[in-house]
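Novice: Can you read through this structure? Questions will come right after.
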Amino acid sequence: MIFAILSKTYKPVIANFLLLLLSGCASYYSHFAVFPAANSSGEPREVRLSWQSAEYPGWWFASDKATSVTVETQCSDRVWHLRDDDASGAGNCGAGIRACGKAGRDLLAKTGVPAGETTRCMAINPEDASARVTGIGGKLELLVSCKPAVVTEKVGGENRNLDYIRASSVPYTIYVRKAPRGALNAKPPEFDKSVCDAE
């Protein structure tokens, strides 16, 4: 009888505790930055970086997690994904947070030599070989070492723009916004497409 009363009393407490354990107390965030830069053709564009993260308290057994960092250039259909070197689908083009080139799509900007799967075309905080997306703070450096082999291609009778942010020997310094996922300010601004239509 006493056991039944205790069981009834503590059942909601136990259920809530289990729910807390299963959720892992993670806090979810959106990270993004939008900044002006030229593309490889010298046209002024906006560039957008974005990713998502799950952060756990220090006492929790799980480590912080993050998606790849997406890099998009205004008016372009080419999207880059920068991943940790040990992440799934990261390729084999060096250490840290980076994106590898694609054969036939990219050239090394300095030399014009074709870039391939082992060429690091973009890197975040390039001097830090142990850099991880989960460790990016409010400021990052983006190094772009490649340029597109072709800036447009025809697909189904329509032109697709493949240009992207211009390569630079000095990394771009970018300031990042972080907001709880689902908050009103958690979405990066959309690109102004009228710029592309006008060209």
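Novice: Out of the residues in segment 47-102 that are under 12 Å from the mean Cα position of the chain (by Cα) and open to solvent by 50 Å² or more (accessible area, probe 1.4 Å), which is nearest to V155 (Cα to Cα)?
Specialist: V79
Novice: Filter segment 146-196 down to the residues that are part of a loop (DSSP other than H, G, I, E, B), open to solvent by 80 Å² or more (accessible area, probe 1.4 Å) and either in contact with a Phe, Trp or Tyr (Cβ under 7 Å, 6 or more places away or on another chain) or among the aromatic types (F, W, Y) (or both) and list them by number.
Specialist: Listed by number, the list holds a single entry, R181.
Novice: Here's another thing I want to ask about it. So which residues in segment 118-145 are hydroxyl-bearing (S, T, Y) and open to solvent by less than 60 Å² (accessible area, probe 1.4 Å)?
Specialist: Passing the criteria: T119, S145.
Novice: Are there any pairs with C-beta distances below 7 angstrom linking a residue in segment 78-95 that is within 14 Å of V133 (Cβ to Cβ) and of a type in the set (K, R) to a residue that is open to solvent by 60 Å² or more (accessible area, probe 1.4 Å) and at pLDDT below 95, with the two at least 6 apart or on different chains, and if so which?
Specialist: Close Cβ pairs (under 7 Å, with a partner that is open to solvent by 60 Å² or more (accessible area, probe 1.4 Å) and at pLDDT below 95) amount to R83/G89.
The values are calculated or read from the model by the stated rules, or taken from the named source; none is laboratory data. Remember, it's a predicted structure, so these values are computed and weren't measured experimentally. Because the Cβ atoms are built from the backbone with ideal geometry, glycine has one as well, and the counts that use them run over all protein chains shown. Areas reflect the complete protein model, heavy atoms only, side chains present, ligands, DNA and RNA absent. Shrake-Rupley method; radii C 1.70, N 1.55, O 1.52, S 1.80 Å.
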